[in-house]
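This report refers to the structure that appears directly beneath it.
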Amino acid sequence: MQTQGSIGVFDSGYGGLTVLKEIVKQLPQYNYIYLGDNARAPYGNRSFETVHQYTQECVEWFFNQGCHLVVLACNTASAKALRTIQQNYLPAHHPNKRVLGVIRPTTEVIGNFTESNHIGILATTGTVQSNSYPIEIHKFYPNVQVHQQACPMWVPLIENNEHHKKGADFFVKEYINELDKQNPSIDTILLACTHYPLLLDKIKEHTPIGTKIITQGEIVASSLKDYLQRHHEIESLCSKGSDVDFYTTDSTEDFDKHAAFFYGEAIHSKLAKV
Ligand code: DGL
């Protein structure tokens, strides 16, 4: 019999904590390990090869901690690394382990929010360039038009805790105006980066009244719940006990200070050698 392990939740930095928070809310019975690759964040502007290499190294780290299931709570990693990991790396090296992303669960439901059939995607440059959102959304909602806007300054603002200051308004307004210019009929905006919920108040201030702003935490958590119900062979390998362990590849002191904003409670992280 295989030993049970925690569910792994991964992000390049802090953003995945906004997803973990919702997962723990909906599935409090399991144990979790969170890893932020803060030493190499942000991933948003990095090449496919680099994001793939970093993500795969982190997935391997989770497997070494005994995890059988890892959620990439990062759109950039989901867009640039997930497919290769699922199609090549897992079958060759870990056929019984699973890695899930955040793009598929989001694209399955996002079309239900729009009435105008115009959806705006705000994401990192990497996620936008991958074109994953338009491709995946069209599979489920062929009539929906997808408009994308890269927001390269948002993750650095958030990672440096500058996002709630007045200066952040300039970049929030700028990218939202660019998206609006692409098509003023957009009635639903997806925050397709797990960092962006921290800018939610400012984003709401600068979007036209009535626009629906969708964040991914709850969507990804419900999808994981559904997945575990459908996949008993994986669920039975997920240990229960309600423990959440936090790891970072960079300074634990910095991580603990910042992470509390994302997670909403005090965190005591450990150093991960990936
Ligand atoms: N949180 C990651 C995402 O959802 C991006 C952050 C980064 O650029 O590293 O895309």
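Overview of values
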item	result
Length-normalised contact order for the range 181-263 - Cα pairs under 8 Å, 6+ apart - percent	26
Nonlocal amide H pairs with Asp245, under 5 Å, H built at 1.01 Å	Tyr32, Ile33, Tyr34
For the chain, built as a Gaussian network whose Cα springs stay under 10 Å, the top-fluctuating residue of Ala81, Ala260, Ala150	Ala260
Over 25 Å between alpha carbons, listed pairs Lys97/Lys273; Lys139/Lys225; Lys225/Lys273; Lys166/Lys204	Lys225/Lys273
Given 13 as the ceiling on other Cβ atoms within 10 Å, longest exposed-site-free region of the chain for trypsin sites (Lys or Arg not before Pro) in DSSP loops	1-164
Theoretical FRET efficiency, 1/(1+(r/R0)^6), r = Cβ-Cβ of Glu162 and Met1, R0 45 Å, to 0.05	0.35
Inter-site label distance for Gln86 and Arg104 at 7 Å from Cα along Cβ, in nm	0.3
Where the range 54-102 is the region considered: accessible area per residue in Å², 1.4 Å probe	35
Residue-averaged 222 nm ellipticity for the chain, from DSSP H runs of 4+ at -39500 (n - 2.57), nearest 500	-12000 deg cm²/dmol
Size of the chain as Cα extents on the principal axes (Å, biggest first)	56, 42, 34
Neighbour cut-off at most 16 other Cβ (10 Å), DSSP loop, GluC sites (Glu not before Pro), the range 155-187	Glu162
Rounded percent of accessible protein surface that carbon and sulfur make up, the range 137-274, 1.4 Å probe	50
Nearest-20 debye value, the chain charge dipole, Cβ charges on Lys, Arg, Asp, Glu	340
Nearest-10 value in Å² for the accessible area of Ser251, using the 1.4 Å probe	40
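The values are calculated or read from the model by the stated rules, or taken from the named source; none is laboratory data. This one's a predicted model, so the numbers in the text were calculated from it and none came from an experiment. All Cβ positions, even for glycine, are placed from backbone atoms using ideal geometry, and neighbour counts span all protein chains on display. With ligands, DNA and RNA removed, areas are computed over all heavy atoms of the protein, side chains included. Shrake-Rupley method; radii C 1.70, N 1.55, O 1.52, S 1.80 Å.
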